Amino acid sequence: MDMENVKQIFRDAGTAISRAVQFTEEKLGKAEKTEQDPNFEQLVTFCDNTKQNTETILKNMEFILNSNPGMRVENLFFLDKKKSGLSSSEYLGIAMTEAGNDFGPDTAYGSALIKVGNIQQTLGLNQREFIKSANDCFVNPMNKYLETDMKTVVKERSLLEKRRLDLDACKTRVRKTRMLATTKVKAEHDLKVAQEEYDRQAEITKLLMEGVPSAHPQHLQHLLDFVDTQAAFYLKCHESLMSLQSDLSGFPSDQDNVATLSPDTPALGRIQQAKVITSQEPRDAHDLRLSAGEIISIDVNSDIGSNYFIGKKIQKGKVYKSNVRLLNQG
């Protein structure tokens, strides 16, 4: 190591010590601190809010998109290479279809398991596609922003703080050496250099921070793209489940002959398909929950009172006549 490098190491160490002393004295109230103008402080607050909120959003987004951490652990141990990388819904679907085939696809239960299993695998595939799309349209661009633009702002702000500590340390030395002519000239020169470096760094930092608000419109577009992706995902899932529900509505069940409302509720008699024209929220535990557009089974012979039928989806319950239209009535 040559002498120049040794001198530089000592200079850097001296600067670091000077900054530490200045910082400590400021905290103890024994040294003055150069303050920024209100506009600059507003930019600092805006940048901090942008950084912190973006990081919080991405952290919570990760919980939504990576809802199956066990799946990643499973991949590390290669428990089943054919199934690695699958979602929880796909695992469930595979288990159901395998069970359905074991019980026999010609049996009601086996056939239903296969149908449900296939849909669960479809839901899992939709979920993986959604996760990829969400990462592409929102997570990756926002992470890139934090790792590039925002990281540059943070770096320059950190450098500005170092320049401020250097400046204030020089001001302190000038005040302490004002009566010593031999050191006054050097201290004032150091102060002038420190002021110039601080002013230059403050201008650079301010320009970078002023660019942060202009990134928000792009962030908004990423957010809108995510909402479109999420809406498409849930729509696909809804359509798949509605189709499955329609396929299962005609399946026989051991519960078909057992009243679910009360001991005196008649069992389903003549079954007819009906379309839900108005969504129905349960008023009590005996009502079915219905969504507009669903196809359900109705016992047209069950005239309980004057306002509702007995309907069946997975289980039986009351269906208000005004909410459904029997399909054979046009």
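Key figures for this structure:
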item	result
Boolean, residue 57 is modelled with pLDDT of 90 or more, more than 21 Å from the chain's Cα centre (by Cα), of a type outside the set (Gly, Ala, Ser) and surrounded by 13 or more Cβ atoms within 10 Å (Cβ to Cβ)	no
Single match in 161, 196 (criterion: at pLDDT 85 or above and more than 40 Å from the chain's Cα centre (by Cα))	196
Residue match in segment 134-145 (condition: farther than 30 Å from residue 212 by Cα, open to solvent by less than 50 Å² (accessible area, probe 1.4 Å) and either modelled with pLDDT of 95 or more or in a helix (DSSP H, G or I) (or both))	no
Hits in segment 111-121 (condition: open to solvent by 50 Å² or more (accessible area, probe 1.4 Å) and farther than 10 Å from residue 94 by Cα)	115
Search result, residues across segment 146-166 that are open to solvent by less than 40 Å² (accessible area, probe 1.4 Å) and more than 14 Å from residue 51 (Cα to Cα)	156, 160, 164, 165, 166
Cβ-Cβ under 6 Å pairs, at least 6 apart or on other chains, segment 110-130 side in contact (Cβ under 8 Å) with a residue 60 or more places away in the chain, far side outside any helix (DSSP H, G or I) and of a type in the set (Phe, Trp, Tyr)	112/251
Residue list for segment 277-330, filter: modelled with pLDDT of 85 or more, in contact with a helix residue (DSSP H, G or I) (Cβ under 7 Å, 6 or more places away or on another chain) and surrounded by 15 or more Cβ atoms within 10 Å (Cβ to Cβ)	280, 290, 294, 295
Residue within segment 197-207 that is open to solvent by 80 Å² or more (accessible area, probe 1.4 Å), charged (D, E, K, R) and touching a helix residue (DSSP H, G or I) at 6+ places or on another chain (Cβ under 7 Å) present	no
Neighbours by Cβ (under 8 Å, 6+ apart or cross-chain): first from segment 25-45, basic (Lys, Arg); second modelled with pLDDT under 80 and open to solvent by less than 80 Å² (accessible area, probe 1.4 Å)	33/26
Residue 244, sole failed condition from (1) modelled with pLDDT of 85 or more; (2) surrounded by fewer than 16 Cβ atoms within 10 Å (Cβ to Cβ)	(2)
Residues (open to solvent by less than 30 Å² (accessible area, probe 1.4 Å), assigned to a helix (DSSP H, G or I) and out of contact with any Leu (no Cβ under 8 Å at 6 or more places or on another chain)) located in segment 81-110	110
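This table checks each residue for (1) among the β-branched types (Val, Ile, Thr); (2) in a helix (DSSP H, G or I); (3) touching a residue at least 40 places away in the same chain (Cβ under 8 Å); (4) surrounded by 14 or more Cβ atoms within 10 Å (Cβ to Cβ).
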residue: 168; (1), (2), (3), (4): no, yes, yes, yes
residue: 188; (1), (2), (3), (4): no, yes, no, yes
residue: 227; (1), (2), (3), (4): yes, yes, no, no
residue: 231; (1), (2), (3), (4): no, yes, no, no
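The values are calculated or read from the model by the stated rules, or taken from the named source; none is laboratory data. Source: prediction; values computed, not measured. No Cβ is skipped: glycine too gets one built from the backbone with ideal geometry, and neighbour counts run over all protein chains shown. Side chains are part of the model used for accessible areas, which takes the heavy atoms of the whole protein and leaves out ligands, DNA and RNA. Shrake-Rupley method; radii C 1.70, N 1.55, O 1.52, S 1.80 Å.
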